[in-house]
Amino acid sequence: MLLAIDTSAGTSVAVVDRDAGVLAELSTDDTRRHAEVIGPFIAQALEQADVTAQRLSAVAVGTGPGPFTGLRVGLAAARAFAFGAGKPVVHVVSHDAIAATLTAPALVVTDARRRELYWTAYDGLDADGLPIRVDGPGLAKPDELPTGRERHDAATVSAAALGLLAEATWAAGRDFASSEPLYLRSPDVTISAATTGGRRVTQ
């Protein structure tokens, strides 16, 4: 049984079980309220599922691609909750959670702003029901996207789908994703000249 969290688009929190399926899910597509809703969503999901933190096996969290601020909220919340509960954290690429609900070749796309798209290409599911990622994630202009696959925009990412994918990954004995977040872009941070000896530093 897992607590699953994804903040790569809006905010989604779910409790899932490999045998019982989705026990609870709360989501919003508001991309400005990650920090405001994440805590209440976790508490409400556990309450609706009638599950205590001690009964969970792990916490699954989406690693993006997603915006820097929103993605960090989800990752920090997952790690803090897991630390407090004494449970491990497993990482799942958010695009994979969408692809796991599809059977045909697909191109999963997230708007990266500045006239660019973050994309990942898939060739359906393998024998274990896991998405077959064949290319990406990568950034491209709209007219540079790979062709030949049905496009699915990642306007929302279901934590329930992400959690069930994590369960299937564990059941198949596969490796989870890297803990490294897939940010759409590096944060635009400027350090004051007073701290850099007059040099302007940006990331």
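Restricted to region 112-133, and to residues there that are among the charged types (D, E, K, R) and under 20 Å from A166 (Cβ atoms), the residue that is surrounded by the most Cβ atoms within 10 Å (Cβ to Cβ) is R133.
Condition check ((1) under 15 Å from T110 (Cα atoms); (2) small (G, A, S); (3) surrounded by 14 or more Cβ atoms within 10 Å (Cβ to Cβ); (4) in contact with a helix residue (DSSP H, G or I) (Cβ under 6 Å, 6 or more places away or on another chain)) across all residues:
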{"position": "P137", "(1), (2), (3), (4)": "yes, no, yes, no"}
{"position": "R151", "(1), (2), (3), (4)": "yes, no, no, no"}
{"position": "T156", "(1), (2), (3), (4)": "yes, no, yes, no"}
{"position": "G163", "(1), (2), (3), (4)": "no, yes, yes, no"}
{"position": "W170", "(1), (2), (3), (4)": "no, no, yes, no"}
{"position": "D175", "(1), (2), (3), (4)": "no, no, no, no"}
{"position": "P181", "(1), (2), (3), (4)": "yes, no, yes, yes"}
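Restricting attention to region 169-186, the residues being in contact with a Phe, Trp or Tyr (Cβ under 8 Å, 6 or more places away or on another chain), of a type in the set (S, T, Y) and either more than 14 Å from D128 (Cα to Cα) or in a loop (DSSP other than H, G, I, E, B) (or both) number 2.
Within region 116-130, is even one residue modelled with pLDDT under 95, within 22 Å of G70 (Cβ to Cβ), of a type outside the set (F, W, Y) and more than 17 Å from the chain's Cα centre (by Cα)? Within region 116-130, one or more residues are modelled with pLDDT under 95, within 22 Å of G70 (Cβ to Cβ), of a type outside the set (F, W, Y) and more than 17 Å from the chain's Cα centre (by Cα).
Rundown of residues vs (1) at pLDDT below 95; (2) assigned to a loop (DSSP other than H, G, I, E, B); (3) under 28 Å from D153 (Cβ atoms), yes/no style:
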site	(1), (2), (3)
A9	yes, yes, yes
L23	no, no, yes
D30	yes, yes, yes
V37	no, no, yes
L46	no, no, no
V59	no, no, yes
L75	no, no, yes
F81	no, no, no
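For the criterion of being under 24 Å from T52 (Cα atoms) and of a type outside the set (G, A, S), F83 passes.
In region 156-168, the condition of being part of a loop (DSSP other than H, G, I, E, B) and at pLDDT 95 or above is met by at least one residue.
Only residues that are without any contact (Cβ under 8 Å) to a residue 24 or more places away in the chain and not β-branched (V, I, T) were counted across region 73-105, and they come to 5. Candidates are the residues of region 1-53 that are crowded, with 17+ Cβ neighbours inside 10 Å and among the acidic types (D, E); the one that is nearest to L182 (Cα to Cα) is D6.
All conditions but one from (1) touching a strand residue (DSSP E or B) at 6+ places or on another chain (Cβ under 9 Å); (2) under 19 Å from A172 (Cα atoms) apply to G21; the one that does not is (1).
Just name the residue that is surrounded by the fewest Cβ atoms within 10 Å (Cβ to Cβ) out of those in region 83-111 that are of a type in the set (A, V, I, L, M) and outside any strand (DSSP E or B). Across region 83-111, the extreme among qualifying residues is A104. Residues in region 140-184 that are closer than 14 Å to A14 by Cβ and in contact with a Gly (Cβ under 8 Å, 6 or more places away or on another chain): T156, V157, A159, L162, L164.
Here G197 passes the criteria (1) modelled with pLDDT of 95 or more; (2) more than 16 Å from the chain's Cα centre (by Cα) except the one numbered (1).
For region 1-51, the tally of residues that are under 14 Å from the mean Cα position of the chain (by Cα) and acidic (D, E) stands at 2.
The values are calculated or read from the model by the stated rules, or taken from the named source; none is laboratory data. Please read all numbers here as calculations on a predicted model, not as lab measurements. Cβ: placed from backbone, ideal geometry, glycine included. Neighbour counts: every protein chain shown.
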